[in-house]
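First the structure, in the form of structure tokens, and then the observations on it.
Please treat every number below as a calculation from the coordinates, not as lab data. What you see is a predicted model; the values in this text were computed from it and never measured. Reconstructed Cβ throughout: ideal geometry from the backbone, glycine too, with neighbour counts over all protein chains shown.
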Amino acid sequence: MEDSPAVFPPEFSVRFIFRPPAAEAAGLLALPWDRPLTEWPDDVVTTVPRRGISRHVVRFVADGATVYALKEIVEPLARKEYAVLTDFAAQGLPTVDVLGICVDRPGGQPAILITRYLDYSVSYRHLFSTPRGDFSVGQLVDTMVGLLVRLHLDGVFWGDCSLSNTLFRPDAGTMAAYLVDAETVERHAQLSDGQRLHDVDLAIERVGAELLDLEAGGLLPSGVDPVATAVGLRAKYDALWDELTRDQVLATRDPASGLVQRLQRLNDLGFGAGEIELVTSDDEAVVRVRTQVAEPGRHRRELFRLSGLEVQENQARRLLDDLRSYRAWLEQRHGAELPDSVAGHRWVAEVYQPAVDSIPADLLDRLAPAEAFHEILEHRWFLSEIEQSDVGTTEAARSYVETVLSRTPTESVPTVLL
Ligand SMILES: Nc1ncnc2c1ncn2[C@@H]1O[C@H](COP(=O)(O)OP(=O)(O)O)[C@@H](O)[C@H]1O
Ligand SMILES: [Mg+2]
């Protein structure tokens, strides 16, 4: 960990530690780091309506359009969390992005961990406390279990897996999960079965308590049994772990097709194959796959190459479908194939951007643009079914803004300039 020199305001002295490039950290130097976070004035901190529950004092500040989460925590844990989150990001694990820590605060105050606010993320509590609660408890638990499995594949013991410590982000009708609290993480070369199952036990305990708490607050949908849902987490975990790690016996006649299917299945689950071992004997072939931890992001990369847009994996899958069908239509009209760059550019300019631009500015902070575009495509399908003919993206966008988005509760982070 490198300690970088910093410029301090004259009246007090603290120390910032961050990894370059962190020019943006300079914008945060003027904050009242010498005072307890709880005492920071209201014109400095900003409220985030979507946050979860925390043990520590966690507050948010905005610098221009960027929002940061600040967590007051003892220095050894702050340093550990900073190191772990930095490693996770380097490996492509889904986690909040850490900026640095502030230590040596006057009067023996704890350190402060600074992370970038995960844009468009929502906590499970928010998902259940707003009318737009169109995600089931089961879906959230599945998403969280997927994150836990991903960490376990990489030898990471979480030690505090819970719905509060997972941030959720809409991803084209599904959810993507991000780790937000890495204080208890332990890294090993590989986890034993005992370690994995202990981590799952801890998750069951925490999720059970969280669901009971939601129930007590009248926020749990009726018909959801908190304890059964939490305990059911184990079977979901076991099924996914098995699917990703089991050795598979392939038909000797046609081992290739079994292998292709297995790899396709891993891909559908959002994983990739790191290394494949195929052991053949006279009467059978066994395939052993070392599953890759980071999502392959095939669609994200392809969409970025074609259009320059950076979105999440499922959103990219959806947007690529639309790009392809627009391209096919263009090519038919031109009577010739178009180069990738032309097709991508024209789709952005003629389809994607006009739809996103049709969303009024005061509604834009409710959903990421790619997620709004995905919803417009859904709405187009829905309207076209009713009309029995394709209504087109422009009409779908207009109707979507008017009838759906304007009724979506605000999920924005009010921006308070420093
Ligand atoms: N970078 C971030 N982006 C979005 N929300 C965050 C971020 N950091 C913290 N939060 C919110 O604050 C809550 C508490 O943070 P966490 O690190 O879990 O603190 P604690 O160690 O006290 O549990 C989280 O559940 C989450 O809702
Ligand atoms: Mg936490």
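Remarks
- Fluctuation leader among SER384, SER222, SER307 - the chain, Gaussian network, Cα springs under 10 angstrom: SER222
- Cβ-defined net charge surrounding LEU37, 12 Å radius [Lys, Arg +1; Asp, Glu -1]: +1
- Considering every alpha-carbon pair of the stretch 298-407, the percent of pairs per 5 Å bin, from zero through the bin containing the longest distance, is 2, 12, 22, 23, 20, 14, 5, 1, 0.
- GluC sites (Glu not before Pro) restricted to DSSP loop in the stretch 294-359 with at most 14 other C-beta within 10 Å: GLU310, GLU337
- A straight line joining the Cα centroids of the stretch 212-254 and the stretch 145-170 runs 14 Å.
- For the stretch 190-270, the convex hull spanned by the alpha carbon atoms encloses 134 Å³ per residue.
- Here the convex hull built on the C-alpha positions of the chain has a volume of 194 cubic angstrom per residue.
- The stretch 94-195 - Rg over Rh from alpha carbon coordinates, Kirkwood radius: 1.04
- For the stretch 246-292, Kirkwood radius (reciprocal of mean inverse C-alpha pair distance, Å): 10.8 Å
- Neighbours of VAL311 by Cβ distance under 10 Å: Lys/Arg scored +1, Asp/Glu scored -1, total -1.
- Along principal axes, Cα extents of the stretch 124-243, largest first, whole Å: 44, 29, 29
- Equivalent-ellipsoid semi-axes of the stretch 224-352, from the Cα gyration tensor, Å, largest first: 37, 24, 12
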